[in-house]
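Take a look at the structure set out below.
The values are calculated or read from the model by the stated rules, or taken from the named source; none is laboratory data. Just so it is clear, the structure is predicted and the values come from calculations on it, not from any experiment. Glycine also receives a Cβ, built like all others from the backbone with ideal geometry; neighbour counts cover every protein chain displayed. For accessibility, only protein heavy atoms count, side chains too; no ligands or nucleic acids. Shrake-Rupley method; radii C 1.70, N 1.55, O 1.52, S 1.80 Å.
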Amino acid sequence: MIQRYIGQLPSLLAFLLISISPFSFAFDEEEEARIIEKLNRIASGDIMIEDVELSEAEGVYIVTMGTREFYIYSHGDYLLVGDLYDTVRQVDVGQERSNKKIAQAISEVSEADMIMMGEPLDKYVTVFTDTDCFYCQKFHTEVEALQSQGIQVRYLMFPRSGIGTESYFEAVSVWCSDNQADAMTLAKAGGTVDPAECDNPVADQYEFGQLIGIQGTPTIILQNGKVINGYAPPDVLVSESG
């Protein structure tokens, strides 16, 4: 639904701020109303805006639509929609906000709802994974290397093709296996996991991932809250984990 609305907006423009003021600015409720009115002009009907807030950059607003946030600069009859960069800290502000939300959400998930690889360790990474994903399979071959360097891998299921697909049912079979870790290794090596059914969280984890903005696999969440979208080798994960 969100994609339908966003598709009616102009093409996204790269919005590069040369500098960002450290001062906060007063929130203008009238400008919020104007932004909503302008967005409704662009779309063919009322768009589902959940929140409008002022960013740390003067004149730039953060508009929340569903699970996504957009940075909008409004002036006169014009809207500029795009990315916001802090050139002092050299970060994508939107990605930073998204990462913090994902990390907070992950911190509230019980390990009982994860597939735990290896022995418990003080350090860990949490990974949204798909048994059929090439880079998920590549990452899995390095789980033992991570374990040997003091980092445990915790898996959440994210069958990219969706609920009710072959990948989904394979994920369910892995979860419902007598030995989840062994079944995960077998599936990611291209083997056949015996079909199994049980009360499982796979559909919930897939929907949870979508809700918090997971867009692909693997998505790796470090213990310190950093989110890595895609594959990263063990040495990078060890270094980034501190």
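Listing for the model above:
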read-out: When residues of the stretch 172-183 are limited to those that are hydrophobic (A, V, I, L, M, F, W, C) and buried (at least 18 other Cβ atoms within 10 Å of the Cβ), the one farthest from residue 230 (Cα to Cα); value: 176
read-out: Residue list for the stretch 49-84, filter: over 17 Å from residue 214 (Cα atoms), among the hydroxyl-bearing types (Ser, Thr, Tyr) and touching a strand residue (DSSP E or B) at 6+ places or on another chain (Cβ under 6 Å); value: 55, 61, 71, 73
read-out: The stretch 77-96: number of residues that are touching a Phe, Trp or Tyr at 6+ places or on another chain (Cβ under 9 Å), open to solvent by 50 Å² or more (accessible area, probe 1.4 Å) and in a helix (DSSP H, G or I); value: 0
read-out: Residue 131, sole failed condition from (1) open to solvent by less than 20 Å² (accessible area, probe 1.4 Å); (2) of a type in the set (Ser, Thr, Tyr); (3) part of a strand (DSSP E or B); value: (3)
read-out: Number of positions in the stretch 207-229 that are open to solvent by less than 30 Å² (accessible area, probe 1.4 Å) and either without any contact (Cβ under 8 Å) to a residue 12 or more places away in the chain or not in a loop (DSSP other than H, G, I, E, B) (or both); value: 7
read-out: Failed item in (1) surrounded by fewer than 19 Cβ atoms within 10 Å (Cβ to Cβ); (2) farther than 10 Å from residue 131 by Cβ, with residue 186 passing the rest; value: (2)
read-out: Selected residue [open to solvent by 50 Å² or more (accessible area, probe 1.4 Å) and part of a helix (DSSP H, G or I)] from 169, 139; value: 169
read-out: Flag for residue 147 being surrounded by fewer than 19 Cβ atoms within 10 Å (Cβ to Cβ), in a helix (DSSP H, G or I), touching a Leu at 6+ places or on another chain (Cβ under 9 Å) and not small (Gly, Ala, Ser); value: yes
read-out: Qualifying residues in the stretch 97-128 (those that are part of a helix (DSSP H, G or I) and β-branched (Val, Ile, Thr)) - the one surrounded by the fewest Cβ atoms within 10 Å (Cβ to Cβ); value: 106
read-out: Tally of residues being surrounded by 16 or more Cβ atoms within 10 Å (Cβ to Cβ) and out of contact with any strand residue (DSSP E or B) (no Cβ under 9 Å at 6 or more places or on another chain) across the stretch 189-202; value: 1
read-out: Subset tally (residues that are aromatic (Phe, Trp, Tyr) and more than 15 Å from residue 186 (Cα to Cα)) for the stretch 98-151; value: 3
read-out: Options 20, 62: the member that is under 18 Å from residue 95 (Cα atoms), modelled with pLDDT of 50 or more, surrounded by 10 or more Cβ atoms within 10 Å (Cβ to Cβ) and within 27 Å of the chain's Cα centre (by Cα); value: 62
read-out: Residue in the stretch 44-53 that is in contact with a Lys or Arg (Cβ under 8 Å, 6 or more places away or on another chain), in a strand (DSSP E or B), modelled with pLDDT of 75 or more and open to solvent by 30 Å² or more (accessible area, probe 1.4 Å) present; value: no
